[in-house]
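Chemist: Have a look at this one.
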Amino acid sequence: MKSKYIVKAFLAATIAVGTTSCEDFLDREPMSKISPETYYSTAAQLEANLNDEYPNILPSYGQWTYGIFGEDKGTDNQIEVNANDRYTADRWKVAHSESDNWKFERIYRVNFFLSEALPKFGEDMSGAQNTISGSVANIKHYIGEMYFLRAYEYFKKLQLFGDFPIIDKPLTDDMAALREASKRSPRNEVARFILSDLDKAYAYMSDVDMATTRINKDAAMLIKSRVALFEASWLQNFKSTAFVPAGEGWPGAALYSGYQYPSGSIENEVKYFLEQATEAAKIVADKYKGSLTVNTGVVQQSATDAANPYFDMFAQEDLSNVPEVLLWRQYARGLSTHNINSAAGRGNYRIGLTRGFVQNFLMKDGTPVYAHGNYADGDGYYMGDKTIADVRANRDPRLSIFLKEPGQKNILFEVDNNEGTEVVMEEPYPSITNGDGERGYATGYALRKGGSFNRKYYANGGGYTAAVCFRAAEALLNYMEASYLLNGSLDGTARDYWTILRQRAGISTDIDKTIAATDMSKEAENDWGAYTAGTILSDKTLYNIRRERRSEFLAEGLRYMDLCRWRSMDQLITTPSHMEGMHLWNTPMESWYLDDKGTTTLVADGSDKSNVSPKDKSEYLRPFERTSSQAGYNGCTWKMAHYLNPIMVKQFQLTATSGADVSTSILYQNPFWPVVADQPAEK
């Protein structure tokens with residue numbers, strides 16, 4: 001009887017939120033076939049249920065993507081050969097029903113787990129009435145993991161939509177109740193709900209240390225600091241706009257007339273979240289600051305050379321003995337695999353670093369590139385950018401060890417292993433003219449981050465190196481930013497953390513020297529993060545904290561989140577950004593593209609046969625500006641609406657009280673997006 005109720009309730013919730021069809025549910029939902037009274041009765045059963053959710057909720061490698069635990073492509077860090085729709089005026093449109101983002105399946109499954117496990121264990125966390133067999137410490141840990149997973153899933157929704165329904169229990173089969181549950185809560189209250197879940201996760205998981213392939217209490221505090229910093233900086237940077245509760249034009253005003261923040265004001269709410277961020281970050285940072293992975297600053301080029309542990313942190317099979325990695329995903333040959341190594345051994349599946357990102361990395365002495373002559377030629381310490389070898393010289397090792405250079409060896413171990421079918425033994429000249437989406441190089445600047453030097457991992461779709469999910473280094477950076485925003489100055493702890501990060505990176509620890517040498521007008525040429533709300537930052541210390549974060553998380557999937565919370569795309573509304581790669585024209589690199597007869601293979605006439613951008617636009621390669629039909633041909637632009645995703649039309653129809661009349665829905669659309677399918681944002 002209970003099993004039928006589960007199906008019925010979940011199907012009702014599914015219909016209400018428009019996520020999947022009944023058939024999809026019946027194909028995928030195992031709980032409908034198992035009696036929950038018996039299924040949630042042992043620690044092993046709780047663990048099995050959790051294991052099923054890990055790949056659905058947590059970050060890790062995708063089968064054919066390039067990025068360490070997510071993608072930075074489509075930002076000012078990494079780009080493909082066509083602009084993302086969000087950087088166009090009319091290509092990003094409201095979906096009717098095909099969007100998967102407004103989806104509650106994972107939230108429902110977590111809620112169901114908690115609704116079954118908590119009463120059996122004891123809601124007060126003591127386990128006094130525990131009827132679940134197995135280790136009490138393990139049972140508590142598994143419950144804590146589920147709280148973490150719900151928090152993480154909700155954080156994804158917060159980033160996509162801002163205001164979002166808070167649902168903490170399975171819903172009954174009642175349309176009125178389901179409509180009410182669809183009511184969006186103000187974004188800051190969603191963030192508070194997430195922090196509450198992470199606090200519960202930390203408390204439940206505190207009695208046992210699991211292997212770092214499982215969620216743990218330190219990961220809970222790290223993500224708490226991430227969420228709190230995200231919400232604090234969002235509220236601060238979007239204050240008084242339609243993107244925060246009670247701001248001018250906030251679409252939630254009709255439901256929440258006269259809304260008052262829990263702390264009394266938006267300023268107090270910012271302070272609350274910053275305090276939460278600093279406290280959580282410090283717990284993790286103090287624990288791990290002395291055990292960050294060593295970076296030798298050298299990219300290994302011989303099997304007999306000493307390995308670089310920092311490089312290997314992203315390219316080895318087992319991360320159990322890497323303290324900095326708080327959570328990682330294990331892959332297994334022939335069972336659970338990816339193609340990250342193949343991507344890193346070629347052109348990153350035609351996703352390349354931008355010129356701006358490359359120029360933004362400091363020199364080893366802690367000074368900006370522009371302090372050493374012009375970008376093209378340098379002054380002898382900075383060597384200029386007319387070859388990739390020059391770009392790498394004397395730079396922050398976080399760039400130099402991961403930026404590939406023609407002639408470097410890509411494989412050092414098991415060189416004759418024939419399983420490595422997708423290997424390129426030696427790095428070639430970047431294949432910028434190659435139209436193949438898998439083999440081409442988008443910008444000429446390609447990364448080897450995530451790629452191993454062992455050929456055995458280069459089978460087509462058969463890589464099984466570990467994926468880093470969360471690193472303790474983030475806690476140091478989260479504290480630095482949150483405490484600076486909170487206090488308006490660098491405290492001793494922030495300086496200590498910053499020194500540790502730069503020492504590990506292999507660059508000068510003289511932070512004040514870097515700040516003094518910073519020219520914000522120059523930084524704005526290279527970095528969208530130099531802006532907030534369309535204005536170049538005047539605070540050079542805050543900017544350099546942002547720069548440090550950008551450098552440390554190279555290709556680790558946090559860039560778009562940061563740009564959004566910093567409100568760093570407003571300037572694109574009036575001044576489109578022209579995304580560039582390597583210095584192609586009038587450099588020795590131009591000769592890389594001669595055929596056997598000495599004739600150039602570069603076509604730059606603007607026709608549909610063009611394979612590179614013309615030199616009269618820029619001496620630097622512009623992947624979006626080969627032909628006029630490309631998105632981004634006239635530069636990447638922006639609309640304010642694009643800071644949040646639109647809710648698809650079907651959701652308004654399903655939650656309407658009068659047929660499919662969207663005007664009677666309890667939902668409201670995000671700022672400047674219409675409730676009309678296939679239409680772009682209004683502004």
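The values are calculated or read from the model by the stated rules, or taken from the named source; none is laboratory data. Predicted model only: the values in this text are computed from it and were never measured. Note that each Cβ is placed from the backbone with ideal geometry, even for glycine, and that neighbours are counted across all protein chains shown.
Chemist: Scan the stretch 539-583 for residues that are over 23 Å from G506 (Cβ atoms) and of a type in the set (A, V, I, L, M) and jot them down.
Modeler: L542, M561, L563, M569, L572, I573, M579, M582
Chemist: Need pairs with beta-carbon distance below 8 Å; first residue at positive phi and within the stretch 518-538, second modelled with pLDDT of 95 or more and not in a loop (DSSP other than H, G, I, E, B); sequence gap 6+ or separate chains.
Modeler: Here the result reads A533/N237; A533/D570; G534/D570; G534/Q571; G534/I573, each pair linking the stretch 518-538 to a residue that is modelled with pLDDT of 95 or more and not in a loop (DSSP other than H, G, I, E, B).
Chemist: So, in the stretch 383-410, exactly how many residues are farther than 22 Å from F453 by Cα and assigned to a helix (DSSP H, G or I)?
Modeler: Counting residues in the stretch 383-410 that are farther than 22 Å from F453 by Cα and assigned to a helix (DSSP H, G or I) gives 2.
Chemist: Looking at G347, G373, G378, G334, which is the one that is surrounded by 24 or more Cβ atoms within 10 Å (Cβ to Cβ), in a loop (DSSP other than H, G, I, E, B) and in contact with a Gly (Cβ under 8 Å, 6 or more places away or on another chain)?
Modeler: Unique residue meeting the criteria: G347.
Chemist: Can you pull out the residues in the stretch 638-667 that are touching a Gly at 6+ places or on another chain (Cβ under 6 Å) and either in a loop (DSSP other than H, G, I, E, B) or without any contact (Cβ under 8 Å) to a residue 24 or more places away in the chain (or both)? Working first, answer last.
Modeler: First, the residues of the stretch 638-667 that are touching a Gly at 6+ places or on another chain (Cβ under 6 Å): 644, 650-651, 654.
The one that is touching a Gly at 6+ places or on another chain (Cβ under 6 Å) and either in a loop (DSSP other than H, G, I, E, B) or without any contact (Cβ under 8 Å) to a residue 24 or more places away in the chain (or both): L644.
Chemist: Quick test for you: out of A219, A232, A201, pick the one residue that is assigned by TED's automatic domain parsing to the domain that holds E279, buried (at least 24 other Cβ atoms within 10 Å of the Cβ), at pLDDT 95 or above and in contact with a helix residue (DSSP H, G or I) (Cβ under 6 Å, 6 or more places away or on another chain).
Modeler: A232
Chemist: If you take the residues of the stretch 155-191 that are over 29 Å from the mean Cα position of the chain (by Cα) and in a helix (DSSP H, G or I), which of them is surrounded by the most Cβ atoms within 10 Å (Cβ to Cβ)?
Modeler: Only one residue tops the list, namely L178.
Chemist: Of these, K615, K609, which one is in contact (Cβ under 8 Å) with a residue 24 or more places away in the chain, among the charged types (D, E, K, R) and within 23 Å of S629 (Cα to Cα)?
Modeler: Checking each option against the conditions leaves just K615.
Chemist: Look through T655, T575 and report the one residue that is surrounded by fewer than 20 Cβ atoms within 10 Å (Cβ to Cβ) and not aliphatic (A, V, I, L, M). Step through it out loud before you land on a result.
Modeler: On the way: T655 fails: surrounded by fewer than 20 Cβ atoms within 10 Å (Cβ to Cβ).
The match here is T575.
Chemist: While we're looking at this one, here's another question. Hey, any hits in the stretch 11-33 for a residue that's at pLDDT 50 or above and in a helix (DSSP H, G or I)?
Modeler: Among the residues of the stretch 11-33, not one is at pLDDT 50 or above and in a helix (DSSP H, G or I), which makes the answer no.
Chemist: Hey, does the stretch 290-303 have a residue that's farther than 28 Å from K364 by Cβ, in contact with a Leu (Cβ under 7 Å, 6 or more places away or on another chain) and crowded, with 17+ Cβ neighbours inside 10 Å?
Modeler: no
Chemist: Tell me which residues, restricted to the stretch 613-637, are crowded, with 22+ Cβ neighbours inside 10 Å and assigned to a loop (DSSP other than H, G, I, E, B).
Modeler: Residues satisfying the conditions are S613, L621, R622, R626, G632.
Chemist: Further question on the same structure: Taking interchain pairs and intrachain pairs at least six residues apart, which have beta carbon atoms under 7 angstrom, with the first residue in the stretch 276-287 and touching a residue at least 40 places away in the same chain (Cβ under 8 Å) and the second of a type in the set (D, E, K, R) and buried (at least 24 other Cβ atoms within 10 Å of the Cβ)?
Modeler: So the pair list comes out as Q276/K224; A280/K224.
Chemist: Here's another thing I want to ask about it. Go through (1) part of a loop (DSSP other than H, G, I, E, B); (2) touching a residue at least 12 places away in the same chain (Cβ under 8 Å); (3) over 27 Å from N51 (Cβ atoms) and name the single condition E317 misses.
Modeler: (3)
Chemist: Tally time: how many residues in the stretch 350-364 are among the charged types (D, E, K, R) and within 16 Å of H583 (Cβ to Cβ)?
Modeler: 1
Chemist: Here is a follow-up. If you go through the stretch 109-123, how many residues are acidic (D, E) and crowded, with 17+ Cβ neighbours inside 10 Å?
Modeler: 1
Chemist: If D608 satisfies every condition in (1) modelled with pLDDT of 95 or more; (2) out of contact with any Gly (no Cβ under 9 Å at 6 or more places or on another chain) but one, which is the exception?
Modeler: Of (1) modelled with pLDDT of 95 or more; (2) out of contact with any Gly (no Cβ under 9 Å at 6 or more places or on another chain), only one is false for D608: (1).
Chemist: Can you name every residue in the stretch 411-435 that is loosely packed, with under 15 Cβ neighbours inside 10 Å and in contact with a strand residue (DSSP E or B) (Cβ under 8 Å, 6 or more places away or on another chain)?
Modeler: Once the filter is applied, which keeps residues that are loosely packed, with under 15 Cβ neighbours inside 10 Å and in contact with a strand residue (DSSP E or B) (Cβ under 8 Å, 6 or more places away or on another chain), the stretch 411-435 yields F413, M425, E426.
Chemist: While we're here: Would the stretch 452-466 turn up any residue that is modelled with pLDDT under 95 and among the polar types (S, T, N, Q)?
Modeler: Within the stretch 452-466 (the criterion being modelled with pLDDT under 95 and among the polar types (S, T, N, Q)), the answer is yes, since at least one residue qualifies.
Chemist: Let me ask you something else. Would you mention how many residues in the stretch 584-606 are surrounded by 15 or more Cβ atoms within 10 Å (Cβ to Cβ), free of Cβ contacts under 8 Å to residues at least 60 places away in the same chain and outside any loop (DSSP other than H, G, I, E, B)?
Modeler: Residues meeting the conditions: 1.
Chemist: Moving on to the next point. Among the numbered criteria (1) more than 28 Å from E153 (Cβ to Cβ); (2) under 26 Å from the mean Cα position of the chain (by Cα), which single criterion is violated by L222?
Modeler: (1)
Chemist: Residues being β-branched (V, I, T), touching a helix residue (DSSP H, G or I) at 6+ places or on another chain (Cβ under 9 Å) and in a loop (DSSP other than H, G, I, E, B): count how many of those fall in the stretch 88-131.
Modeler: Number of matching residues: 2.
Chemist: Quickly run through the stretch 658-676 and pick out the residues that are hydroxyl-bearing (S, T, Y) and either crowded, with 20+ Cβ neighbours inside 10 Å or assigned by TED's automatic domain parsing to the domain that holds V244 (or both).
Modeler: Hit for the stretch 658-676 is S665, nothing else.
Chemist: If I filter the stretch 402-410 for residues that are among the aromatic types (F, W, Y), within 26 Å of L558 (Cα to Cα) and either buried (at least 22 other Cβ atoms within 10 Å of the Cβ) or under 22 Å from the mean Cα position of the chain (by Cα) (or both), do I get at least one hit? Step through it out loud before you land on a result.
Modeler: Step one: list which residues in the stretch 402-410 are among the aromatic types (F, W, Y), which gives 402.
So of that shortlist, the ones also within 26 Å of L558 (Cα to Cα) come out as 402.
From what is left, the residues that are either buried (at least 22 other Cβ atoms within 10 Å of the Cβ) or under 22 Å from the mean Cα position of the chain (by Cα) (or both) are 402.
Within the stretch 402-410, one or more residues are among the aromatic types (F, W, Y), within 26 Å of L558 (Cα to Cα) and either buried (at least 22 other Cβ atoms within 10 Å of the Cβ) or under 22 Å from the mean Cα position of the chain (by Cα) (or both).
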